[in-house]
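Novice: Questions regarding the structure given below will be posed in turn.
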Amino acid sequence: MVISPLILIPLIPFLAFGLIAPFTRLWKERTALLSTIAMGVSTLLAISVFVRKVGGETLTWSQADWLDLGHTTLGMGLQADGLTSMMLLVVTIVSLCVHVYSVGYMDKGGKYFGHPEKNFPRYFGYLAVFTSAMLAMVLSDNLILVFAGWEVMGLASYLLIGFWFDKDSAANASKKAFLTTKVGDVSLLLGVLTLYGLTHSFEIAQIKAFAQTSDGNGILAVAGLLIFGGAMGKSAQFFLHVWLPDAMEGPTPASSLIHAATMVAAGVYLVARLHFLFEAPVPATVVTYIGAFTALFAASIAVAQWDIKRVLAFSTISQLGYMIAGLGAGSVAAGIFHLFTHAFFKALLFMAAGAIIHSVHTNDMREMGGLRKFMPATFLLFLVGTLALSGIPPFSGFFSKDEILLATWNAGQSMGMAPWVMLTLAAGLTAFYMFRVVYLTFFGAYRGKGHPKKTPSIMVGPMGLLGALCIIPALIGIPGLWAKTGNWAAHFIEPHAHHHGLNPLVASISILVAVGGILWAKRIFLPRTVSGNVTKGFFEERAPALWRALENRLYVDEALQWAFVRPASAVAEGVALFDRKVVDGIVNLVGKVGVGISEISAFFDRVVVDGLVNLSGWITKRLGEGVRRYQTGFATGYLFLILIMLGLVIATQRLWSPL
Amino acid sequence: MLTEFIRFVVHPLHVLIFLPLVGAGFIAFIKHEKRIRQVAIGTTVATFLASLWVWKVFVSAPADNYGFRLNYGVPWFKELGVAWYTGIDGISLALILLTTVVSISAAISSRSIDSKLRMYYILFLLLITSLLGVLVARDYFLFFVFWELMLLPMYFLIGIWGGKRRIYASIKFFLYTLVGSVLLLIAILALHWSAPEIGFGISQLAEKGATLPIKGAGLATQTTLFLLFFFGFGVKVPIVPFHTWLPDAHVQAPTPISMMLAAVLLKMGTYGFVRILLPTVPGAFHDLSGIAVPLVATVGVVSMLYGALVAMAQKDWKSMVAYSSISHMGYLVFALATNTELGLSAAMFIMISHGLISACMFHLVGVIYERTHNRNLLAYGGLGALLPGYFTIWIFVGMANLGLPGLSGFWGEFMTFVAAFSNHHWMVTSGLFAGMNFFRVLSAFGVITIVVTAAYMILMIQRIFMGPLNEKWADLKDMTKTEKWTIIPLMALILLFGIWPQGLVSLYAETTRALATNLGFLIAGS
């Protein structure tokens, strides 16, 4: 039997994890090598699967009896259609880049492993198990493996956010991430169960067949929205987004992989995979509006952050909102193509930000500036990523974002133009906040302490590859190229759907808005970086209240704390008090009524138990001293033995007598 | 008589249940402390090997009408209709294996015991005999003898080797479970007197029970028997609100006894549900207008959520783990109420999985308690960097407890909810709530438990391991090799059943399938 590459793709990183996890002390820094090699093999396999899919071959693999659930025997199946094979490419390539980059990043100072980060070996184990879980999730043809991968990714994310767990901020952030996404996970579980209740199956193909026989309203829409609740947690949609900015406490390469490119896009992938649940008007509208609102909301907060990673985190939330809105507006191709391009440029931006942090030892942009001179390669790559994110042609982000704007534009008749308006505004803000970052960090004079280091080449290499991937995917996103209508990527992801061509009006508006954002940022920030007084900004003076609110993330964290977290712990304390005072109180009362029995037991304990203990000690002592003593005899001892014997004889005689 | 005696003794089940007793007999005459420990551990290993032998013989042995194998029956107290009647099916087999596996770990973990060793190990081994005895008994009298025999060593093990409030805890345990036993006794006698000619055979009386009227006057109705058995066994499970003996018993009990208590003793109550309650009063469960299904399901979900919430508020580490047990037993009770084969299977899965996980958790709490004599969750902090091995193992076990897929804890919970969603009784067919029913609404409350469970486990990990190091513990040493290897086999099983659930399910699937068929539970999807 030939082993399918599909099973090998997630299995190889998992084996690397299995080899690393129990033996970190044995492997030491070599875990980096092991994990990276595993990732390299997986990447090659993923590319081969992608190429075969381009050639028209859809691979599948299945194992029939994983679990017999009584009603249904659950098989474990994998498949690689267009959607999956694109996801495979994203996950493996970004993960490989992050692995290589991390070798440099997690090595403070010394030339590779000279002065490694504490727990360095564990770090690569976490990366490996994460990648494995994500690959298994996108390959799965059933919802159980999707859910399993989903949860294991959550664990990896928790461990990586809390990687420096001796810092309270990191510990709190990891807890917040785990529990916030858990709320979404439970919603997802209920959704999966509801689908099972309808179809008696966990297989996506069977559920799809069922969904297509119905109008998609009623219970099916409820199931869809429950599943979307899971996606909201993982993909950080408003109001379950609060964990993602805090997740930046983790090592930056991990943020780049998990909290920018791949895991946070899992929710988007899930909505795309189960898109048949979101075609009815109600779920479609809900999804579109939540996505578009999240995009605008997060973009506006990103404007007012000083921490470079937080800007990127809110940018990620905003871009995930785009993807979700695109899916809601009916275009799987648009949402997933944006996921694809975004993964590369956002991973690049995070890595570049990581290179900056690695060099200046702070996240605060107020203490940066002028880095253009110290790290030219990083500057150039950051600029490429920024242009892609801002949606400037010919970078990939323009084409994918345009598809989404077009989808919401076209959906305007059925669900209103508001989503398109919100997304277009967000596009302007995106260009604005990204160039704010560019000016604050790279232009003017250096405002920080010490002398910034040059970026090591092991970190620049992967960034260079990702930089190239900010442009290359544009080729498959150009409408009309290698496709009659729409672009090649859309046909690859959604072969049977109808795709729209370029809409010049929508495209020009998006370019205009983006260029406007850039120019505005230049007008405000360039003079300030030159003068060196960046804290006296533009908005702080004109709209101080709004600025403070944006700086404090519009107080959503506080609101959630007040509305959910505190009541939950109050309920727990209350129930515990009830348990102690009322339930146990009644028990103790009953106990006091029976105090006589207790007294007897205590007496029994004192006299008989200790008596027995002493007795057994005594018997052993006597027996140990041998036959010499047995003639003298002790009546009680004999009596005790005789009693036991007698009991045994009676019981056994009853048992074995032929009568 | 001699041939009967030999036949009796060499029967695999009797070898199994009396091996610990033989070991205890040896220990009574050993002087060296070290040798006592060796013999005790050796005895648990031998018992484990015996259970493997039983498993091997079981697989190829023929089954009787009731699906039991390796049966042995002789009249005992004839005038009363009592017989020595033993035998096992897949359900008992799975629990026997759990008992023997966990008892090795508990015996090794007993290194922390340092006073009155001989007595301790004798009682410990006696406890194992009584547990195994309950699992092989097919006669109510024999069952009840072993059932009561469990109490005795447990009472002394907590009362002599326990913590500061051990007397209070042990008496509470004793009295509480005694009340449960009284209910059981009434039920057994009522059942017996409804057909004295049948005697005390559990399976035989179950057949009789199934023919009893569901409601009516007198004790011998299915509803009354249901209530007696449900609360009688429920105290042992324990179900809310009869649970408060458990946290006290756990907090006061020495570590290895907590392991046995959580891993195996609690399962005796749920074993009673599966072995006795369900088969004896199937009508009570079928009659959906009756009290049984709503009561059991509600008690299950309340126990789940209530136990988890109280666990979240605990400051005592062991107490938190104890409430976690109550919560997980709630899943099991809910699973049984779903009237599905899958629910039965889920209940079995939870028994084994929770047995393994809770034993690990109590061992782990004990490891630190032995060093610091402090169980206050707020007294630690930052141990993660100091004790990396211990931290890693806790993450593994904690994740298993909160139901991470890939570890065994997940499947029990998952199967429970799937079972709930596959029961279509009382379905609302139109209007806003179309597609909802009693089980689904309860499940919607039940899944909140998953979040609360994650919350208390993650909170615990943060409090103990994360943040800056509490300098008070700067000299703390990481787990020793022995401490690690005590539970590594259990962890391996948690992982194995997490990745390959069928491996566990296939142990008992035939039995649960037959039971579900007899009970008329939902088997094939509809």
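Novice: Tell me, which residue of region B:185-198 that is within 19 Å of B:GLY232 (Cα to Cα) and touching a residue at least 60 places away in the same chain (Cβ under 8 Å) is least open to solvent (accessible area, probe 1.4 Å)?
Specialist: If we take residues in region B:185-198 being within 19 Å of B:GLY232 (Cα to Cα) and touching a residue at least 60 places away in the same chain (Cβ under 8 Å), then B:LEU191 is least open to solvent (accessible area, probe 1.4 Å).
Novice: Given B:SER109, B:SER92, B:SER115, B:SER103, which one is more than 14 Å from chain A (Cβ to nearest Cβ) and open to solvent by 10 Å² or more (accessible area, probe 1.4 Å)?
Specialist: Testing whether each residue is more than 14 Å from chain A (Cβ to nearest Cβ) and open to solvent by 10 Å² or more (accessible area, probe 1.4 Å) leaves just B:SER109.
Novice: Of the conditions (1) open to solvent by 10 Å² or more (accessible area, probe 1.4 Å); (2) under 16 Å from B:LEU151 (Cα atoms); (3) without any contact (Cβ under 8 Å) to a residue 60 or more places away in the chain; (4) not aliphatic (A, V, I, L, M), B:PHE233 clears all except one; give me its number.
Specialist: (1)
Novice: Tell me, please, whether a residue that is outside any helix (DSSP H, G or I), in contact (Cβ under 8 Å) with a residue 40 or more places away in the chain and open to solvent by less than 10 Å² (accessible area, probe 1.4 Å) can be found in region B:126-134.
Specialist: No, every residue in region B:126-134 fails to be outside any helix (DSSP H, G or I), in contact (Cβ under 8 Å) with a residue 40 or more places away in the chain and open to solvent by less than 10 Å² (accessible area, probe 1.4 Å).
Novice: Related question: Quick one: which residue in B:GLY384, B:GLY398, B:GLY406 is open to solvent by 10 Å² or more (accessible area, probe 1.4 Å), under 17 Å from A:TYR158 (Cβ atoms) and within 14 Å of chain A (Cβ to nearest Cβ)?
Specialist: From the options B:GLY384, B:GLY398, B:GLY406, the qualifying one is B:GLY406.
Novice: Can you go through A:ALA221, A:ALA236, A:ALA247 and tell me which one is farther than 15 Å from A:LEU560 by Cβ and surrounded by 23 or more Cβ atoms within 10 Å (Cβ to Cβ)?
Specialist: A:ALA247
Novice: Quick one: is A:TYR446 among the aromatic types (Phe, Trp, Tyr) and assigned to a loop (DSSP other than H, G, I, E, B)?
Specialist: Yes.
Novice: Which count do you get for residues in region A:452-466 that are closer than 16 Å to A:LEU89 by Cα and either free of Cβ contacts under 8 Å to residues at least 60 places away in the same chain or open to solvent by less than 40 Å² (accessible area, probe 1.4 Å) (or both)?
Specialist: Total meeting the criteria: 2.
Novice: Report the residue count in region B:384-404 for those that are closer than 13 Å to B:ILE464 by Cβ and not in a helix (DSSP H, G or I).
Specialist: Residues in region B:384-404 being closer than 13 Å to B:ILE464 by Cβ and not in a helix (DSSP H, G or I): 1 in total.
Novice: Okay, moving on. For region A:365-378, indicate whether the set of residues that are touching a strand residue (DSSP E or B) at 6+ places or on another chain (Cβ under 8 Å), over 14 Å from A:PRO473 (Cβ atoms) and either modelled with pLDDT of 85 or more or in a loop (DSSP other than H, G, I, E, B) (or both) is non-empty.
Specialist: yes
Novice: Another one. Give A:GLN237, A:GLN212 a once-over and let me know the one that is at pLDDT below 90 and farther than 30 Å from A:ALA32 by Cβ.
Specialist: None of the other options fit; the residue is A:GLN212.
Novice: In region A:597-621, which residues are at pLDDT below 70, open to solvent by 40 Å² or more (accessible area, probe 1.4 Å) and either within 23 Å of B:THR244 (Cα to Cα) or more than 11 Å from chain B (Cβ to nearest Cβ) (or both)?
Specialist: A:ILE597
Novice: Then there is this: Out of A:TRP547, A:TRP562, which single residue is under 21 Å from A:VAL242 (Cα atoms), in contact (Cβ under 8 Å) with a residue 24 or more places away in the chain and more than 14 Å from chain B (Cβ to nearest Cβ)?
Specialist: It is A:TRP547.
Novice: Determine whether region A:302-310 contains at least one residue that is under 18 Å from the mean Cα position of the chain (by Cα) and either outside any helix (DSSP H, G or I) or farther than 23 Å from A:MET134 by Cβ (or both).
Specialist: yes
Novice: Okay, next question. Within region A:480-490, can you find the residues that are in contact (Cβ under 8 Å) with a residue 24 or more places away in the chain and either open to solvent by 20 Å² or more (accessible area, probe 1.4 Å) or among the aliphatic types (A, V, I, L, M) (or both)?
Specialist: Across region A:480-490, the qualifying residues are A:ALA489, A:ALA490.
Novice: Testing A:LEU11 on (1) farther than 18 Å from A:ALA133 by Cβ; (2) within 14 Å of another protein chain (Cβ to nearest Cβ); (3) surrounded by 15 or more Cβ atoms within 10 Å (Cβ to Cβ), one condition comes back false. Which one is that?
Specialist: Failed condition: (1).
Novice: Within region B:176-186, is there a residue that is within 12 Å of chain A (Cβ to nearest Cβ) and of a type outside the set (Ser, Thr, Tyr)?
Specialist: yes
Novice: Then there is this: Name the residues in region B:492-512 that are closer than 29 Å to A:ALA173 by Cα and out of contact with any helix residue (DSSP H, G or I) (no Cβ under 6 Å at 6 or more places or on another chain), would you?
Specialist: Correct list: B:LEU495 only.
Novice: Something else about it: Hey, among A:VAL506, A:VAL583, A:VAL571, A:VAL556, which residue is open to solvent by less than 30 Å² (accessible area, probe 1.4 Å), within 14 Å of another protein chain (Cβ to nearest Cβ) and out of contact with any Gly (no Cβ under 8 Å at 6 or more places or on another chain)?
Specialist: After applying the criteria, what remains is A:VAL583.
Novice: For region A:492-556, please list each of the helices (runs of 4 or more DSSP H) lying entirely inside it that holds at least 1 residues being at pLDDT below 85 and of a type in the set (S, T, N, Q).
Specialist: Fully inside region A:492-556 and qualifying: A:504-531.
Novice: Separate question: For A:LEU383, only one of the following conditions fails: (1) in contact (Cβ under 8 Å) with a residue 60 or more places away in the chain; (2) surrounded by fewer than 24 Cβ atoms within 10 Å (Cβ to Cβ). What is its number?
Specialist: The number of the failed condition is (1).
The values are calculated or read from the model by the stated rules, or taken from the named source; none is laboratory data. Only a predicted model underlies this, so the values are computations on that prediction, with no experimental measurement involved. All Cβ positions, even for glycine, are placed from backbone atoms using ideal geometry, and neighbour counts span all protein chains on display. These accessible areas exclude ligands, DNA and RNA; they are computed on the full protein's heavy atoms, side chains included. Shrake-Rupley method; radii C 1.70, N 1.55, O 1.52, S 1.80 Å.
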